[in-house]
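The values are calculated or read from the model by the stated rules, or taken from the named source; none is laboratory data. Note that the structure is a prediction, hence the values are computed from the model and not measured. Here Cβ is always computed from backbone atoms with ideal geometry, including for glycine, and neighbour counts include all displayed protein chains.
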Amino acid sequence: MKLLAYIYRASPYLLIFGITLTIVTGLLSATLMAIINAAIAGHGETTTLVWQFLGVCVLHTAARSLSSLTLLNASQSAIQRLRIDLSRKLLGTPQAKLQQIGKPQLLAILTQDITTVMQACQRLTIVLAESVIIFGCLIYISLLSWKMLLLFVLLALGAIAVIRIADWGPFTYLRRARANLGHLYRHFRDLVEGSRELQVNAARGTAFIDETIIPETASLKRDFIRGLGAYVLVTNGVGFFYLLVIGIVLFIVPHWVPQPRETTISIAMAFVYLAIPISELVKSLPELRQGGIALSKVKELDSALTLHPKAPHEEENPFASNAPMRLELREVSHRYQAERDDSQFILGPINLTIRKGEVVFIVGGNGSGKTTLAMMLLGLYEPEAGAILLNHQRVTPERLDCYRQHFSVIFSDFHLFEQLLMSKHEALTACAQRYIRALGLEHKVKMTDDGRFSTIDLSTGQRKRLALVAALLEDRPIYLFDEWAADQDPIFKRIFYTQLLPDLKARGKTVLVITHDEQYFPHADRIIKLEQGLLCNISSQTTAHNAVAESVSMLVP
């Protein structure tokens, strides 16, 4: 019912039309059965029965095909909507919340669970079609003998009660197996991302397989066997029970309820005809159960993804100003929860002003808060106290989307997209090719006509240079580079600090660079140092011919 309700919300008209067609199919099935029984009993003219049989067969096939295609379209539309809604909500959810959920859980739901829901929806279309066929056959049986219909309904209700009781155990195992699947995804992520380390240390790799992968997969296998195995027994039990029902109809009921032999034969034929749809219903039970569990997980994720409120449509940028750009942090602080442990990191309070055209280096030891500060500046972490202002306008949750459009960023753990993902990529292709050539990648990468890089299968340093190309093409007012030069050869490191940064500054861009390259500190207008989450000093430099002239430090409380 949960799956059916979700499909209805996504495609109500398609679902109603599909169900209407399945009802027609069921009625045609009953008509077809009546014609067959009439032919067996010798009632009616043979030629007429033949034409009736052929006509009903054509209509039945057409109605069943159209109903199946309609229900398939409805279910796939629901799955498409589910994927798109989750994707949009994921992009609209604060990074702190996504880190709290965890990448393994996100991947398990976005891949495995949605696939399971899709398969269950496909099975649901079959269940609906078979259910209506059963309904049509019951109408036919009721016309032959209401007593037999009553007997069938009583036996069916008893069977359903037994199935519901028997279903509790396997359902529990399937639910536990799904809970363990999230742990397995985390281990597989470790396996993929740490494959080099595990290959270098064979003993460590063997221990990881033996002590982590094997126990987890064994537990998953055990739960699935217990769950699905129990459903196999339930399915076979229902089949055996149904054979007993046919036997009762043939051998016992005639003694209890005397009726013409032709009626008994017709009812028996109807029960035989019902065997296939009933079997399909019972076989669908485990798949539908798994789909229900997966849909619950998807709904949990949907509830956990909390979208930032959207601002009402504004014709103008709320941060637009005729004055030079000014970015301020006033008494800003943030508490960061680590992804895999209970430790917390506190950044701030931070007071900082950044102006248009400045090149600011952010330095400090590992764990000092540089990346957390960067995430705050980008609007990816929300301040728990204080305020961020751009051009004297406070950055509110409603304005976050607009605020973020002022930044272009390359993270230390960046992700490189194959496509530029920009409008008018045709006009940018030539410019991109010039950047590619300037960064020494022309022998590796070309731009395709549809705005894609011909390859991203490159070394880490080369991929970072390609990410720099994409960032430069965005042409945003503020650039943030998190340890960009860490993986570069000396020649490209020098180009970055001595050519690229001055060029961005000359174009009026504000540049924030997280770096440890002390030899290039003279190329910064200011150097901001962090220690244990606090801004401990700001060095302000004036440069003449790219040389250090003077620096002043001040303590920020």
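Summary table below
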quantity: Residue in region 192-203 that is touching a residue at least 12 places away in the same chain (Cβ under 8 Å) and crowded, with 17+ Cβ neighbours inside 10 Å present; calculated: no
quantity: Matching residues in region 494-523 - criterion: being out of contact with any His (no Cβ under 9 Å at 6 or more places or on another chain), within 22 Å of Arg437 (Cβ to Cβ) and part of a helix (DSSP H, G or I); calculated: Arg494, Ile495, Phe496, Gln499, Leu500, Asp503, Leu504, Ala506
quantity: Residue check for Ile528: at pLDDT 80 or above and either within 16 Å of Leu373 (Cα to Cα) or in a strand (DSSP E or B) (or both); calculated: yes
quantity: Criterion violated by Arg81 - all others in (1) farther than 30 Å from Leu69 by Cα; (2) in contact with a helix residue (DSSP H, G or I) (Cβ under 7 Å, 6 or more places away or on another chain) satisfied; calculated: (1)
quantity: Subset of region 1-48 [at pLDDT 80 or above, of a type in the set (A, V, I, L, M) and under 32 Å from the mean Cα position of the chain (by Cα)]; calculated: Leu14, Leu15, Ile16, Ile19
quantity: Hey, Thr306 at pLDDT below 80 and either surrounded by fewer than 19 Cβ atoms within 10 Å (Cβ to Cβ) or touching a Ser or Thr at 6+ places or on another chain (Cβ under 6 Å) (or both) or not; calculated: yes
quantity: Any hit, region 206-228, residues being in contact (Cβ under 8 Å) with a residue 24 or more places away in the chain, surrounded by 14 or more Cβ atoms within 10 Å (Cβ to Cβ) and outside any helix (DSSP H, G or I); calculated: no
quantity: Matching residues, region 356-396, being touching a Phe, Trp or Tyr at 6+ places or on another chain (Cβ under 6 Å) and more than 18 Å from Phe319 (Cα to Cα); calculated: Thr372, Met375
quantity: Pairs where the first residue, in region 429-442, is modelled with pLDDT under 80 and the second is among the acidic types (Asp, Glu), C-beta under 8 Å, 6+ apart; calculated: Thr429/Asp449
quantity: Any chance Leu347 is surrounded by 15 or more Cβ atoms within 10 Å (Cβ to Cβ), part of a strand (DSSP E or B) and in contact (Cβ under 8 Å) with a residue 60 or more places away in the chain; calculated: yes
quantity: Pairs with Cβ under 6 Å, 6+ apart, first in region 447-474 and more than 16 Å from Asp503 (Cα to Cα), second surrounded by 12 or more Cβ atoms within 10 Å (Cβ to Cβ) and basic (Lys, Arg); calculated: Ser454/Lys446
quantity: When residues of region 133-161 are limited to those that are free of Cβ contacts under 8 Å to residues at least 60 places away in the same chain and among the β-branched types (Val, Ile, Thr), the one surrounded by the fewest Cβ atoms within 10 Å (Cβ to Cβ); calculated: Ile160
quantity: The lone exception for Ala470 - which of (1) surrounded by fewer than 16 Cβ atoms within 10 Å (Cβ to Cβ); (2) part of a helix (DSSP H, G or I) it fails; calculated: (1)
quantity: Which numbered condition Glu130 misses (of (1) acidic (Asp, Glu); (2) crowded, with 20+ Cβ neighbours inside 10 Å; (3) at pLDDT 80 or above); calculated: (3)
quantity: Test: residue in region 425-444 that is closer than 24 Å to Thr372 by Cα and not assigned by TED's automatic domain parsing to the domain that holds Gly92; calculated: no
quantity: Answer from Ala39, Ala10 - the residue that is touching a helix residue (DSSP H, G or I) at 6+ places or on another chain (Cβ under 7 Å) and within 30 Å of Ile265 (Cα to Cα); calculated: Ala39
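Per-residue answers, yes or no, for (1) on the phi < 0 side of the Ramachandran plot; (2) more than 25 Å from the chain's Cα centre (by Cα); (3) among the aliphatic types (A, V, I, L, M):
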site: Val359; (1), (2), (3): yes, yes, yes
site: Leu377; (1), (2), (3): yes, yes, yes
site: Leu400; (1), (2), (3): yes, no, yes
site: Val409; (1), (2), (3): yes, no, yes
site: Gly440; (1), (2), (3): no, yes, no
site: Gly451; (1), (2), (3): no, yes, no
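Residue-by-condition table, conditions (1) of a type in the set (Asp, Glu); (2) at pLDDT 80 or above; (3) under 18 Å from Val127 (Cβ atoms):
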{"position": "Val257", "(1), (2), (3)": "no, no, no"}
{"position": "Glu262", "(1), (2), (3)": "yes, no, no"}
{"position": "Ile265", "(1), (2), (3)": "no, no, no"}
{"position": "Ala270", "(1), (2), (3)": "no, no, no"}
{"position": "Ile278", "(1), (2), (3)": "no, yes, yes"}
{"position": "Ile293", "(1), (2), (3)": "no, yes, yes"}
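Here's the yes/no breakdown for (1) more than 30 Å from Ile278 (Cβ to Cβ); (2) of a type in the set (A, V, I, L, M, F, W, C):
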{"position": "Leu184", "(1), (2)": "yes, yes"}
{"position": "Ala203", "(1), (2)": "yes, yes"}
{"position": "Arg226", "(1), (2)": "no, no"}
{"position": "Val238", "(1), (2)": "no, yes"}
{"position": "Tyr242", "(1), (2)": "no, no"}
